[in-house]
Each structure stands twice: as C-alpha cells, then as structure tokens.
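One structure is given below, encoded as structure tokens.
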Amino acid sequence: MTEFYRKRNLVNLTSHPINLVNKKGEMVVIKESGIVARTQQSAKEIGVVDDSIAVIQMEFGTIVGVPNPRDNVIYIVSAPVLNALNGTRKDCVAVHNTRRVDGQPRYAQGLRING
C-alpha cells in the first residue's frame, strides 16, 4: 500500500452522494462538494468480431471541474472522468465494485485509480 493515500480528505466531484463500505464494514457517506467534474465522451466502432459484435473504442474530450491538486485531498470523480484522465492524476479516484440492490447502485466497496 502506498503512503500517498493515507490520511487524506475525500472530496466528491460527482452529482450524487458516494456510499462506501469501509474495511470495518461500516457505511461511509461522502456528500457532494457542489463541484461536478465532467468530460465529453463518444464511442467509435473500430472493428467487428465474427461479423456481428462491434468493438468500440471510447474517446474522451475536455475535462472540466477537476481542481488543481491540493495537499491531503483525494478527489472522487466519475468513471468516465477517471478514464479521460488516463492515469495522469493519482489524486483522482472513482468508486470500485459497486453493489446494487433492486437494480439500483447502493454502495461501493472501495476506490480505484487508473495507471
């Protein structure tokens, strides 16, 4: 485990609360910060498998709403924003392993990085 992630404040840059279950099994709710990070995305077909299954490449545009890095802060962003960042910001994470109840996302079991 890297020391970078210890003792950090979590700032939620999504439009909804983030529900996380911590290592003790307790629910932790990270409320919205009022800033929403976004990116444009589009899907481009780059091939077809067996003449019937499209292979899609996601392309991402400009990212908006992600503040500059700050000491002791980890930003929670959406998966598309994290993918658009492409591993360039270790201070940005997205939820990992989201659990659903009645088809609706209820909580995540952790946070993930790209890179």
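Quick note: the coordinates plus some simple rules give every number you see, no bench work behind them. Predicted, not measured: the structure shown is a model, and the values here were computed from it. Here the Cβ is made from the backbone with ideal geometry for all residues, glycine too, and neighbour counts use every protein chain on show.
By average Cβ neighbour count within 10 Å, what is the ranking of 21-34, 63-76, 81-94, 41-54 from highest down? The partial results should precede the final answer.
Values: 21-34: 10.8, 63-76: 14.7, 81-94: 18.6, 41-54: 8.6.
The packing order, highest mean first, is 81-94, 63-76, 21-34, 41-54.
In the chain, what percentage of the DSSP-assigned beta bridges are antiparallel, given to the nearest 5?
Around 70 percent of the beta bridges assigned by DSSP in the chain are antiparallel ones.
Expected output is a single nm value to one decimal: the length gained when fully extending between Gln41 and Glu59, i.e. 0.36 nm times separation in residues minus the C-alpha distance. What is it?
5.9 nm
In the set [x] 53; [y] 19; [z] 34, which value of percent of Cα pairs over 24 Å apart was calculated from the structure you see?
[z]
Could you derive backbone 3J(HN,Hα) for segment 35-41 from the dihedral phi with the Karplus parameters 6.51, -1.76 and 1.60 (θ = phi - 60°), listing whole Hz in sequence and x where the residue is Gly or Pro?
10, 10, 7, 9, 8, 7, 9
5 Å is the cut-off here: which amide hydrogens, built 1.01 Å from N in the peptide plane, fall below it relative to His96, excluding neighbours closer than 5 in sequence?
Gln109, Gly110, Leu111, Arg112
Need the C-alpha centroid separation for segment 42-89 versus segment 14-29, integer Å.
Using only Cα atoms, the two centres lie 23 Å from each other.
Suppose every K and R has +1 on its Cβ and every D and E has -1 on its Cβ; what is the size of the dipole of the chain about the Cα centre, in Debye to the nearest 20? Walk me through the numbers before you get to the answer.
Numbers: 15 positive and 10 negative charges, 136 e Å.
Using only the charged Cβ atoms, the result is roughly 660 debye.
Would you kindly derive the ³J(HN,Hα) couplings of segment 4-15 from the backbone phi angles with the Karplus curve 6.51 cos²θ - 1.76 cosθ + 1.60 (θ = phi - 60°), listing them in order in whole Hz, with x for Gly and Pro?
3, 8, 6, 6, 10, 8, 9, 10, 8, 9, 9, 8
Across segment 91-99, in residue order, what do the Karplus-derived ³J(HN,Hα) couplings come to in whole Hz, using 6.51 cos²θ - 1.76 cosθ + 1.60 with θ = phi - 60° and x for Gly and Pro?
8, 10, 9, 10, 5, 10, 6, 5, 9
Over segment 1-60, what relative contact order in percent results from Cα pairs under 8 Å that are six or more residues apart?
Relative contact order here is 24 percent.
At a Förster radius of 25 Å, what calculated FRET efficiency corresponds to the Cβ-Cβ distance of Asp71 and Lys31, to the nearest 0.05?
Using R0 = 25 Å, I get an efficiency of 0.70.
Which lysines, on any chain, are close to Lys24 with Cα under 26 Å apart, when same-chain ones fewer than 8 places away are left out?
Candidates past the 8-residue exclusion: Lys7, Lys90.
For segment 1-108, build the charge dipole from Cβ charges (+1 Lys, Arg; -1 Asp, Glu) around the Cα centre, then report which of Phe4, Ala84, Ala54 sits farthest towards its positive end.
Selected residue: Phe4.
Mean residue ellipticity at 222 nm from the helices of the chain, using -39,500 (n - 2.57) per DSSP H segment of n ≥ 4 over the full residue count, to the nearest 500 deg cm²/dmol?
Theoretical 222 nm ellipticity from helices: -1500 deg cm²/dmol.
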